[in-house]
Amino acid sequence: MTLDPKLKEWATARQADYIDAVAEHGSMRTASRALKVAYNSVADAIALVKRKAAAAGYSPEHAMTRPVPDRFVVKGVSTYYDEDGKARGQWVKSAVDRDRMQEIMRQAVAAMCEDIAPQAPIPAPMITSDKLANVYTLTDSHVGTLAWHRENLQADWDLKIAERTLTGCFEYMINASPAAKVGIVAQLGDFLHSDGLAAVTPTSGHLLDQDGRFQKVVQAAIRILRRVVNLALGKYEKVVVLMAEGNHDLASSVWLRAMFQTLYENEPRVEVIDSELPYYVYQHGKTMLAWHHGHLKKSDGLPILFTSQFPKIWGNTEKRYAMRPPAPRRGEGAFRDNGHSAFDLSRPRCLRFPRRLDVRAAVHGHYLPFRLRPSGT
């Protein structure tokens, strides 16, 4: 049996050893005996490498010999054969490999965090209330949106306006809140309008109006969130930070969580909720707080989801509240499961960011009312 040595380009170190052993011993069964491993271990590993190579466009036995670059995956291959059965032409269609892009993003974030200077500890407040936790839920900020009042019939909007409005609103709400031991900054997703250098939605590819370079958007986003967390540290003994995933910032939510964990690694009073899943919880006494952006799961499915994913917290609490972006299609009130109230949809101190519609949203008739109101704790 002969294996193409080029397959090792898509193999792990162990898989590459299997490929070399098969080349040396002539068959997978003989190679497995020589390596003292099960035959299925060798066969399954080589089959996995072949599938990975084929996904990248390399499978010579199927006339696929034009692999695509890293970060891409083959979407389709069309081969033209002449009357003698010889391949005369080939068209390879590729698409972005989102799993690989997320892996690269995590690697980049890890490297970037090595150079971040952690935030110096901030003095804790003198007056707190052990029983209370104030929750500030911020959703769909879309920092980076560029809007013109002539197009959206509302008002202009850009990075400077967004930064001034967001930090000002949070400063007012935090200062106006009652004393509490815990302050929770729940950034509930879609904090950034776009998710990369290209100003498009990450899943559908819709064009977005973005205020300048993505680097400027990132810098503004970090300044805003860092200011908000520091304001909370001056008010609360413990600050819990949530950087949730939204449909506009699938990748950006990854680096936001990693960056703020690094920024506040020397501040024991800050806890950044670290979850690779887009479902988040926090327990305060006998109360369970749950969050989801709403882009993957509807309200009716959340009770059983949070029960199964977080059974310990669910079982140890008596009251349970879920927070989601307020939108008519998502509904409000109690989430019910089999006719019983599972937990309530609550928005304590909810800030629905008063962003403006960009031209694509305005042209397609989307409606976004101006709504900014602190509610009861």
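Dividing the alpha-carbon Rg of the range 156-265 by 2.2 N^0.38 Å yields what?
1.12
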Study note, to complete from the structure: Expected sort for TRP291, TRP157 with the fewest Cβ neighbours (10 Å cutoff) up front is TRP157, TRP291
Check your understanding: Distance in nm between label sites at ALA179 and ALA43, each 7 Å beyond Cα in the beta-carbon direction?
Key -> 7.1 nm
Study note, to complete from the structure: Once both label points are put 7 Å beyond Cα along the C-beta direction, the ARG150-LEU197 separation in nm becomes 3.2 nm
Practice item. Report the full-extension gain for the segment ALA23 to ARG88: residue separation times 0.36 nm, less the Cα-Cα distance, to one decimal in nm. Key: 20.3 nm
Revision key, fill the gap. Restricting to Cα pairs under 8 Å and 6 or more apart, the percent relative contact order of the range 1-66 works out to 28 percent
Study note, to complete from the structure: Checked against a 28 Å limit on the C-alpha separation, the offending pairs among LYS216/LYS298; LYS160/LYS319; LYS6/LYS75; LYS235/LYS298 are LYS216/LYS298; LYS160/LYS319; LYS235/LYS298
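Taken together, the values in this text are just the output of simple stated rules run on the coordinates, not laboratory data. Keep in mind that what you see is a predicted model, and the values were worked out from it rather than measured. Note that we place each Cβ from the backbone using ideal geometry, even for glycine, and neighbour counts take in every protein chain shown.
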